[in-house]
Amino acid sequence: MEIKNLIGFYSVGVTYLQYFCRRKRDCLTVYTNQFYSKMNDNKSYLEQMRLTYRPKLPVTLRCPVRAIEGEPTQSVADQEAIKALFPSTYGMPELTFERDDSAMPPEKPFNVGVILSGGQAPGGHNVICGLYDGIKALNKYCRLYGFLGGPNGLVKHRYIELTGDMIEEYRNTGGFDLIGSGRTKLEKPEQFEAGLEILRELKITAVVIIGGDDSNTNAAVLAEYYKAHDAGVQIIGVPKTIDGDLKNEHIEISFGFDTATKVYSELIGNVARDCNSAKKYWHFMKLMGRSASHIALECALQTRPNYCIISEEVEARNMTLHNIAEEIADIVVKRHDMGMDYGTVLVPEGIVEFVPTMKKLIAELNEMLTKYPDIPRLRDMDQNNFVREHLSEENRAIYDSLPDDVARQLTLDRDEHGNVMVSQIESERLLSRMVAHVLDMRIEAGEIEPIKFKTQHHFFGYEGRASYPSNFDADYCYSLGYNASHLIYVGATGYMSAITHLGRKAQDWVACGVPITMMMNIERRAGKDKPVIRKALVDLEGAPFKHFVENRDQWALETCYIYPGPIQFFGPEELVDKTSYTLFFEQFGKE
Ligand code: FBP
């Protein structure tokens, strides 16, 4: 080949190469520009996408309605005592809604207040968005005010008006940062009167309280007070808590449970996969859920761990912490014999309150803390001596058997509602230490050969409370908020917004109102008998627990982990709209 041809080929090649590189760079630039132009300095791409999601609303909420009254109701227990405490709001009928095309919109616009109360739960913002859209659909001049930082915002007159622009920024987002939350207990007439001042000033005639069992108890007390005093203010509650323990035959699940358990299950699945890859650790994972073990049970159904404690079962079987450690140690030994020195254990954070001996100790400590509220501030040794001196002999023995750090965690301040702050008790470490001790004892006694028992500890709690709501929670919360506007429209007070038949498609859900007093009983709190909403514990006869029991022996010894992965927002319905196993088993019985 002649030299000039060679040069010719070379220059054509270089030109093509340059052209190709330029195209590639241009494409990349276009692609990157598209990406960045969609980005906004303050929002992730996913957040921007989620802002455009339109929550699904049940058909019954998409039309003008009238309320149909059911039979008068009764509280779940202690009827006479609850009736005496709630003379104006006791016994009200349940409300369902029926399409009524002749229903007239309200003559005048009205103003509504909204409060977020207690721990964060995914979907809270959507309740507010649904409420906003609901009242605006009734009359576009209605206004919505958010009280800041929880119930205290009402008492201290801290509020903002929630405008359309603000609402648009928070659709389908997690967290409670739009107006914040708090745990102030509303129980004193001075607080109710202080609230009334600002409600009158802002011409607010209805307040929606979004909270758990304690906050909805507040809602019932406030509703009673305002009704008895003819204050002209309606109070509506909305069932919120990731714990899943605010439920009964009318409230099928509290919002936030679906998302939080999906987030925890993703994390548990990731840990399980690491565990199954490294094959060298036993992972003890504590899961949030103050009292009941609904979260732990749901996560177990989603991920199939080697062991999962269900507090309600521990209580029913009258087990001690030592009994639980023994059971876990048995599994550790059996898996070791099969060559597997690794595994996963789920621990519900409320466990210590369900071990009968610990329960008695905590009850006595609660009374003691009410009498001597400065105990948490005493120095280590002084505190220990003081507590030991004042405990009964039986409980002193239990107290002495606890490691110092756990004993101290049990004497921390209670929250405003008198609850032990179980998220601060390191029960996962306590248990793994006890299992190690049981194994050492068995090795020492020559019952088993030396075993490798290396542990890792995790606490999954706050990670799940402010996550982007799953489609289920986004739809459910929006519907709960929208339904609250219907309850306001029909003049209800002392009611909880309820959406039922949640196992069906969202369009077929049913909207109703349930009198809060119907869910109440008397319980001992902070040394006094108080009317409170009864907590729903895990039902040991229920389908979710039965399914767990049928499978747990296999999950203990074999490695059956399931890795659920992150919540999905885009894709087929079966993927993005899937509800929790708990709800599914409760509504349909089996898989
Ligand atoms: P709510 O009952 O208010 O929904 O809060 C539940 C919860 O998330 C529990 O699971 C947990 O023990 C507790 O709040 C933690 O409280 P805090 O946010 O005050 O640490």
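The values are calculated or read from the model by the stated rules, or taken from the named source; none is laboratory data. Note that the coordinates shown come from a computational prediction; the quantities given were computed from them, not determined experimentally. As a convention, Cβ positions derive from the backbone with ideal geometry for all residues, glycine included, and neighbour counts pool all protein chains shown. Surface areas here come from the heavy atoms of the whole protein model, side chains and all, with no ligands, DNA or RNA. Shrake-Rupley method; radii C 1.70, N 1.55, O 1.52, S 1.80 Å.
For the chain, the residue among Leu57, Gly256, Met441 whose Cα projects farthest onto the positive side of the dipole built from Cβ charges is Leu57. In this structure, the amide hydrogen of Gln456, modeled 1.01 Å from its nitrogen in the peptide plane, lies closer than 5 angstrom to those of Trp282, His283, Phe284, counting only residues at least 5 positions away or on a different chain. Rolling a 1.4 Å probe over the heavy atoms of the protein chains gives the chain an accessible area of 45 Å² per residue.
Shape analysis of the chain yields a ratio of the Cα radius of gyration to the Kirkwood radius, Rg/Rh, of 1.06. Here the Karplus relation 6.51 cos²θ - 1.76 cosθ + 1.60, evaluated at θ = phi - 60°, turns the backbone of the stretch 438-450 into coupling constants of 4, 4, 4, 4, 5, 5, 4, 6, x, 6, 9, 7, x Hz, with x for every Gly and Pro.
Each Lys or Arg adds one and each Asp or Glu subtracts one; over the other residues with Cβ under 10 Å from the Cβ of Glu315, this totals -1. About its Cα centre, the chain has a charge dipole of approximately 2100 debye under the convention of +1 per Lys or Arg Cβ and -1 per Asp or Glu Cβ, with nothing else charged. Pairs over the 18 Å Cα-Cα cut-off, from the set Lys334/Lys454; Lys156/Lys530; Lys185/Lys360; Lys188/Lys247; Lys505/Lys578: Lys156/Lys530; Lys185/Lys360; Lys188/Lys247. Shape class for the stretch 459-591, computed from the alpha carbon gyration tensor (a ≥ b ≥ c): oblate, with a/c not under 1.5 and a/b at or below b/c. For the stretch 318-335, putting each phi into the Karplus relation 6.51 cos²θ - 1.76 cosθ + 1.60 with θ = phi - 60° gives couplings of 6, 7, 9, 4, 4, 4, 5, 4, 4, 4, 5, 4, 4, 5, 4, 5, 4, 5 Hz, in residue order, rounded to whole numbers and with x for Gly and Pro.
Here's how it looks for Lys56: its modeled amide H is under 5 Å from those of Asp475, which are all 5 or more places away or on a different chain. Going by a ≥ b ≥ c, the root eigenvalues of the Cα gyration tensor, does the stretch 375-509 fall in the rounded group (a/c under 1.5), the prolate group (a/b larger than b/c) or the oblate group? Since a/c reaches 1.5 but b/c is at least a/b, the shape of the stretch 375-509 is classed as oblate. Proximity of backbone amide H atoms, modeled 1.01 Å from N, is registered between Gly212 and Lys240 at under 5 Å, excluding neighbours fewer than 5 places apart on the same chain. With all protein chains in place and a 1.4 Å probe, the accessible surface of the stretch 280-402 carries 48 percent carbon and sulfur. Phi angles across the stretch 118-134 convert, under the Karplus curve 6.51 cos²θ - 1.76 cosθ + 1.60 with θ = phi - 60°, into 3J(HN,Hα) values of x, x, 4, 8, x, x, x, 5, 5, 4, 5, 5, x, 5, 4, 5, x Hz, Gly and Pro given as x. Counting Lys and Arg as +1 and Asp and Glu as -1 over every other residue whose Cβ lies under 14 Å from the Cβ of Lys108, the net charge comes to +2. Peptides 316-325, 564-573 ranked from most to least packed give 316-325, 564-573, packing being the mean of other C-beta atoms within 10 angstrom over each peptide's residues.
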